[in-house]
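Take a look at the structure set out below.
Laboratory data are not the source of any read-out in this text; all were calculated from the coordinates shown. Quick caveat: nothing in here was measured; it's all calculated off a predicted structure. Cβ placement follows ideal geometry from the backbone for every residue including glycine, while neighbour counts extend to all protein chains displayed.
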């Protein structure tokens, strides 16, 4: 631990105000999402805790009928907007993190494989990556979501939506990881330690996972952080379009979709607060990723 | 040169065959068409007869070939949801999307290049720095939030512009246009800004960095030494030489505009192809999804092919490398 606090990276972090602020915001939001059930004043998905009379209460004002007051107001069904945001952030972050992890594992695996094995394996994987790169990833995610939705039986669609979303966003994002890992693997492959490991008879799988993988991880970390911001935005976009998280498990995107319906009738807070939360989250993670990229880049030191 | 073009065309056809396979297998994965066509009361004979009639007893490859044959002729079957031929629906929706994409493309290119040049020439000025910071926020702002923000400002608060639809359109022999009516033009403003903003920031930042690069070159210094005016140097010498990479990016972004139109069309309920596609996903309308997939992949593969070939003409080194 002391080694970490003495490291160059931590020094660069401590002296960069942008990094400290964005990291603080990110950590606070992740904590708020994880502990949402403890922090949230009400559970918005428990019908017994809701009172329809509380509907459309503006923020920080007592309701005309019940006298209840809510920090960020309530929506049409009397749900506390602050609580729905906390729970929505939970789903947004869960989908984002899971999708990036999925893309990362898939990309690392395919990248290592194509870099180390080469030949036909490499050609097929990298050509597939090229083809996928010609399409915008949000479009790829939409198509995968559409197909997967068609394949799941009607009665499971809402339950499965979150997992389908993770699959769709993850599959639309593996190419970045595969390309970087393949490039790094090609460099590492020709080094002496790999030759030595091969000479003492280690299996290709062991060499790939135990020897090469640890040496190609640092660029992967940067891409993962930037991908997380993109994945959160992609999830919000899909949910906003109505092809993502269902209203029974609303993410921030779904909340914005719901809030848009009240824009004209003057209940601005139902839309405004989820939108700000999404923006803050995406911006913080994005800035953190940018900083990490520069900090780990030896040419910029 | 010829072998390079042939190779690239061959690769493109292979890609289209694969996306065609994806589109086709959606039909086979998702439910049995026989179930969709015959009701509860049916005999095994009915099922067998229909299966034979539709050619569903043929091997997969034969079925796929027939699908391709039909798709090339523009026949994608009948929409499950609307009960009309998909090609007809797509043709009806296409003008809305193409007009929106054209206007936002022109906006993005015009403002992108102008602002890019401005921020490059006045790179230490206050205005240029403000524009650059604003563009950073613009990049991380999701498209749909920009759309909602514009609706809130100009439709809800100010009430100047409509928030949804195309307004009145004029039918010109099958092509409905919104260019000829006042309400049609007003309806175009917000969606095209929403759609074009991201591409605009992209073009602006590219033009700026290319300009800064070019302005450092010796020939610019030489032009200055010859006593040419700043305006001649900036526009006749520098801007001209930034155009090659800019044109490539514009070409590649053309496809993205059509794809991102899906988001804008949903925010503004714009009756185009993108909204059709989103509705198709929501209702699992496979024929529409398959047709959209094929259409968009033909477009993307075509644009990529064109850019590659144009590049090979401009830069001979690429012919050997490929």
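Mind ranking B:262-272, A:272-282, B:169-179 by how tightly packed they are, going by the mean number of other C-beta atoms within 10 angstrom, highest first? Intermediate values should be presented prior to the final figure.
Working: B:262-272: 24.3, A:272-282: 21.4, B:169-179: 13.5.
Averaged packing, sorted descending, gives the order B:262-272, A:272-282, B:169-179.
So how much slack lies between residue B:21 and residue B:2, counting 0.36 nm per residue of separation and subtracting their Cα-Cα distance, in nm?
Working: separation 19, 0.36 × 19 = 6.84 nm, distance 2.85 nm.
Contour length minus Cα-Cα distance gives 4.0 nm.
How long is the gain from residue B:232 to residue B:149 if the chain were fully straight, where each residue apart is worth 0.36 nm and the alpha carbon distance is subtracted?
On the way: separation 83, 0.36 × 83 = 29.88 nm, distance 3.97 nm.
Working it through step by step, the gained length comes to 25.9 nm.
Using a simple spin-label model with points 7 Å from Cα along the Cα→Cβ vector, what separation in nm is obtained for residue B:13 and residue A:13?
The two pseudo-label positions are separated by 5.5 nm.
Would you mind giving the mean number of other chain beta-carbons within 10 Å of the Cβ of each residue in A:19-29, as a whole number? The partial results should precede the final answer.
Working: counts 0, 0, 0, 0, 0, 0, 0, 0, 0, 0, 0.
Partner-chain Cβ atoms within 10 Å, mean over residues of A:19-29: 0.
With a bin width of 5 angstrom, please list the P(r) values of region B:87-282 as percents of all Cα-Cα pairs, from the 0 bin to the one holding the largest distance.
Values per bin, smallest distances first: 1, 8, 14, 16, 16, 13, 10, 8, 6, 4, 2, 1, 0.
Between residue B:218 and residue B:50, what is the label-to-label distance in nm when each label sits 7 Å out along the Cα-to-Cβ direction?
Here the answer is 7.8 nm between the modelled labels.
Which residue fluctuates the most in chain A, going by a Gaussian network model with Cα springs under 10 Å, if the choices are A:131, A:164, A:81?
A:131
On C-alpha positions alone, give me the angle between the axis of helix A:137-151 and the longest principal axis of chain A, in degrees, nearest 10.
The two axes meet at around 70 degrees.
Using the Cα gyration tensor of the protein assembly as shown, with a ≥ b ≥ c the square roots of its eigenvalues, what is the shape: rounded (a/c below 1.5), prolate (a/b larger than b/c) or oblate (neither)? Spell out each step's value before the answer.
On the way: a/c = 1.17, a/b = 1.06, b/c = 1.11.
Because its axes are fairly even, with a/c under 1.5, the protein assembly as shown counts as rounded.
Highest GNM mean-square fluctuation, chain B, Cα pairs closer than 10 Å: which of B:142, B:59, B:287?
Looking only at B:142, B:59, B:287, the largest GNM fluctuation is found for B:59.
Taking the Cα centre of each part, how many Å lie between region A:187-214 and region B:161-230?
Region A:187-214 and region B:161-230 have Cα centres spaced 52 Å from each other.
Pick from A:75, A:130, A:158 the residue whose mean-square fluctuation is largest in a GNM of chain A, springs joining Cα atoms under 10 Å.
Looking only at A:75, A:130, A:158, the largest GNM fluctuation is found for A:130.
With axes computed from alpha carbons, what is the tilt in degrees of helix B:126-140 against the longest principal axis of chain B, rounded to the nearest 10 within 0 to 90?
20 degrees
In nanometres, what is the gap between the two model label sites at residue A:77 and residue B:114, each 7 Å from Cα along Cα-to-Cβ?
Rounded to a tenth, the inter-label distance reads 4.8 nm.
Tell me, in nm to one decimal, what length is gained between residue B:171 and residue B:252 on full extension, where the rule is 0.36 nm per residue of separation less the Cα-Cα distance? List each step's numbers first, then the result.
Working: separation 81, 0.36 × 81 = 29.16 nm, distance 3.10 nm.
Stretched out fully, the residue B:171 to residue B:252 stretch lengthens by 26.1 nm.
Using only DSSP helix segments of four residues or longer, with each worth -39500 (n - 2.57), what per-residue ellipticity at 222 nm results for chain B after dividing by its residue count and rounding to 500? Before the final figure, lay out the partial values.
Working: 13 runs with 230 residues, N = 322.
Mean residue ellipticity, 222 nm, calculated: -24000 deg cm²/dmol.
How much mean residue ellipticity at 222 nm does chain A get from its helices, if each DSSP H run of length 4 or more adds -39500 (n - 2.57) and you divide by all residues, to the nearest 500 deg cm²/dmol?
-22500 deg cm²/dmol
Angle between the Cα long axis of helix B:286-314 and the longest principal axis of chain B, 0 to 90 degrees, nearest 10?
40 degrees
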